[in-house]
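K.L.:
Can you keep this structure in mind? I'll have questions shortly.
The values are calculated or read from the model by the stated rules, or taken from the named source; none is laboratory data. Quantities reported herein were computed from a predicted structural model and do not represent experimental measurements. Cβ placement follows ideal geometry from the backbone for every residue including glycine, while neighbour counts extend to all protein chains displayed.
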Amino acid sequence: EAGVAQSPRYKIIEKRQSVAFWCNPISGHATLYWYQQILGQGPKLLIQFQNNGVVDDSQLPKDRFSAERLKGVDSTLKIQPAKLEDSAVYLCASSLGVGGTSPLHFGNGTRLTVT
Amino acid sequence: AQKITQTQPGMFVQEKEAVTLDCTYDTSDPSYGLFWYKQPSSGEMIFLIYQGSYDQQNATEGRYSLNFQKARKSANLVISASQLGDSAMYFCAMTPGGYQKVTFGTGTKLQVIP
């Protein structure tokens, strides 16, 4: 089966600019996640979708970050305006189940550098 | 709230030796799942192994096994016969039962020495 697709792979922007990331999960996976991974740290959940509804966005900085999942499939994560501390790898993941037993399948991530 | 703790920022192991990576967790949920992921320097996160809180036996997947001690709230990963390709970051993660919110630890960097 095809894996989780993410683009772009790398992005360099200046602070106060905007940026968008795209994710296509594994076909049939109902749950989609966006994680932020700062260098040297574990991934931090930004937002979790169940089909096209938001399950958890408690750690999403909503003044600058937004995300949507179109028709319960693809998802985009946007940052506007970007800050220096947003430099990180943004990981998209999907999982088949909802009950806490299904492993997450990750994309290769987007490495964002804000200068 | 759930919490995952990995106290070993870095570990070295000789090739072909076994190594244990530590993970402790804290949750008030009686039902939960525990996962280990591997992240090579290329950046992708690779699922390794899963243990459910009600599973009677420790999970095994090839050279990976999970030493699950429920009373001590520990879920250590054991890698047998280490290979050079095992050099990577390893993350422990958990989900509360009935809800797939995955919380990750801070990771352990494993380096396998020839």
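K.L.:
Of the residues A:Leu77, A:Leu91, which single one is over 18 Å from A:Glu14 (Cβ atoms), at pLDDT 95 or above and at the interface with chain B (Cβ under 7 Å from one of its Cβ atoms)?
P.N.:
Exactly one of A:Leu77, A:Leu91 is over 18 Å from A:Glu14 (Cβ atoms), at pLDDT 95 or above and at the interface with chain B (Cβ under 7 Å from one of its Cβ atoms), namely A:Leu91.
K.L.:
Another question, if that's okay. Would you say A:Val19 is over 20 Å from B:Cys92 (Cα atoms) and either within 11 Å of chain B (Cβ to nearest Cβ) or at pLDDT 95 or above (or both)?
P.N.:
Yes, satisfied.
K.L.:
Which one of these is surrounded by fewer than 19 Cβ atoms within 10 Å (Cβ to Cβ) and in contact with a helix residue (DSSP H, G or I) (Cβ under 9 Å, 6 or more places away or on another chain): B:Glu15, B:Glu44?
P.N.:
Matching residue, one of B:Glu15, B:Glu44: B:Glu15.
K.L.:
So which residues in the range A:41-74 are among the hydrophobic types (A, V, I, L, M, F, W, C) and within 14 Å of chain B (Cβ to nearest Cβ)?
P.N.:
Hits for the range A:41-74 are A:Leu45, A:Leu46, A:Ile47, A:Phe49, A:Val54, A:Val55, A:Leu60.
K.L.:
Can you find even one residue in the range B:89-109 that is surrounded by 14 or more Cβ atoms within 10 Å (Cβ to Cβ), hydrophobic (A, V, I, L, M, F, W, C) and more than 12 Å from chain A (Cβ to nearest Cβ)?
P.N.:
No, the range B:89-109 has no match at all.
K.L.:
Still on this structure, please answer the following. I'd like to check which strands (runs of 3 or more DSSP E) are fully inside the range A:1-103 and have at least 1 residues that are touching a Cys at 6+ places or on another chain (Cβ under 6 Å) and touching a residue at least 60 places away in the same chain (Cβ under 8 Å).
P.N.:
A:5-7, A:19-24, A:88-95
K.L.:
What are the residues in the range A:104-115 that are more than 14 Å from chain B (Cβ to nearest Cβ) and part of a loop (DSSP other than H, G, I, E, B), if any?
P.N.:
Within the range A:104-115, A:Thr115 is the sole residue that qualifies.
K.L.:
For the range A:22-66, enumerate the residues that are among the small types (Gly, Ala, Ser) and modelled with pLDDT under 95.
P.N.:
A:Ser27, A:Gly28, A:Ala30, A:Gly40, A:Gly42, A:Gly53, A:Ser58, listed by residue number.
K.L.:
Looking at the range B:18-28, is at least one residue polar (S, T, N, Q), within 14 Å of another protein chain (Cβ to nearest Cβ), within 21 Å of A:Ser94 (Cα to Cα) and touching a residue at least 12 places away in the same chain (Cβ under 8 Å)?
P.N.:
no
Table: residues versus (1) under 24 Å from A:Thr31 (Cα atoms); (2) in contact with a strand residue (DSSP E or B) (Cβ under 9 Å, 6 or more places away or on another chain); (3) in a strand (DSSP E or B).
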site	(1), (2), (3)
B:Gln51	yes, yes, yes
B:Gln56	no, no, no
B:Ala71	no, no, no
B:Ser82	no, yes, no
B:Met89	no, yes, yes
B:Thr95	yes, yes, yes
B:Leu110	no, yes, yes
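K.L.:
Select from the range B:1-17 the residues that are farther than 18 Å from B:Arg63 by Cα, out of contact with any Pro (no Cβ under 7 Å at 6 or more places or on another chain), in contact (Cβ under 8 Å) with a residue 60 or more places away in the chain and polar (S, T, N, Q) and list them in ascending order.
P.N.:
B:Thr5, B:Gln6, B:Gln8 - these are the residues of the range B:1-17 that are farther than 18 Å from B:Arg63 by Cα, out of contact with any Pro (no Cβ under 7 Å at 6 or more places or on another chain), in contact (Cβ under 8 Å) with a residue 60 or more places away in the chain and polar (S, T, N, Q).
K.L.:
Would you mind finding the one in B:Ala75, B:Ala59 that is free of Cβ contacts under 8 Å to residues at least 12 places away in the same chain and touching a Leu at 6+ places or on another chain (Cβ under 7 Å)?
P.N.:
Only one candidate qualifies: B:Ala59.
K.L.:
Mind checking which residues of the range B:32-72 are at positive phi and modelled with pLDDT of 95 or more?
P.N.:
B:Gly62
K.L.:
Looking at B:Tyr54, B:Tyr37, which one is among the aromatic types (Phe, Trp, Tyr) and within 29 Å of A:Arg111 (Cα to Cα)?
P.N.:
Being among the aromatic types (Phe, Trp, Tyr) and within 29 Å of A:Arg111 (Cα to Cα) holds for just one of B:Tyr54, B:Tyr37, which is B:Tyr37.
K.L.:
Just for the range B:47-73: of the residues that are of a type in the set (S, T, N, Q) and closer than 15 Å to B:Ile4 by Cα, which one is surrounded by the most Cβ atoms within 10 Å (Cβ to Cβ)?
P.N.:
So the residue we want is B:Gln51.
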